[in-house]
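Written out below as structure tokens is the structure these notes cover.
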Amino acid sequence: MTSDSELPETPPVTEAGIEQTTEKPGKRNAFTELMTSKDKKSKQTEPQKPKKHMFNPSRNALGLYIERPESYPASVVVYYNDDFVAIHDLYPKSSLHLLLLPRDANKFYQHPFDAFEDIEFLHKVQEEVKKLRTLAAQELRRRYGKYSLQEKARREAMEQDPPPDELPPGRDWEKEIMTGIHAHPSMNHLHIHVMSVDRHSDRLKHRKHYNSFSTPFFIDIKDFPLAADDVRRHPTREGYLNRDFLCWRCSRNFGNKFQQLKQHLEEEYEEWKKL
């Protein structure tokens, strides 16, 4: 989708948005490329009637993006097509946190455990997740490649004049992306998280925020369909959200000391960028 351009020095212009940067002529940021090239109109769907317990305005907020994605700026909606909308999470729990929203009106009020029993639908979602994961990985390279030791040979090759026909592979940024769903989603509309692994965000404020992404409460999209006896179907019984805080990177146990964990996450974030 995008060519290998020099890593920009421009800092972010929005908290959750992808940075808008100036690149060499003919070379464009992956997210900018998508937003300027989209030409499909918003798909008009008649959503299925939600259950009574779902009439909570805050829990239904994702429906606005599904219905009218074209009304939002590129700092909010990454891209959309007839079947999906990709957005920035309004309350990111990592330095890059995107959501993929299926637009199928027969599915988007279903719990993911139920929706992903439809194998054809599941495969469509998994393929779209791969697409968004690749874009997210490209964005991580753009943001953090200049700090990464694994990117050193690639950066030096790109600085050559002329650059070589084939660049060193550099760091595998797709390994730094996690994709999946929550066993008990906090929003009514079906959504899949596509996010960096760093858990670096001022929006990460308490136990549920951290453990919902750092225990089996978070289920990788590749693990679906789940077996009928998969224990992850019973997150409350398993007590995932009440577990001790374990560092996502080094597995150090912080017990219930959230502030100590947060300080440690800052240190891990700086080291992670340098890998």
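Every number in this text was worked out from the coordinates using simple rules, so none of it is lab data. Computed from a predicted structure; not experimentally measured. As a convention, Cβ positions derive from the backbone with ideal geometry for all residues, glycine included, and neighbour counts pool all protein chains shown.
Straightening the chain between residue 259 and residue 152 buys 35.1 nm, computed as 0.36 nm per residue apart minus the Cα-Cα spacing. Each semi-axis of the equivalent ellipsoid for the range 30-274 is √(5λ) with λ an eigenvalue of the Cα gyration tensor; in descending order they amount to 30, 26, 16 Å. Treating r as the C-beta distance of residue 165 and residue 251 and R0 as 45 Å, the FRET efficiency rounds to 0.60. Shown here for the range 179-239: trypsin sites (Lys or Arg not before Pro) in loop regions (DSSP other than H, G, I, E, B) with at most 15 other Cβ atoms within 10 Å, namely 203, 205.
State the answer as a single residue: which of 167, 149, 239 lies farthest towards the positive end of the charge dipole of the range 30-274, with beta carbon charges of +1 for Lys and Arg and -1 for Asp and Glu, about the Cα centre. Toward the positive end, the furthest listed residue is 239.
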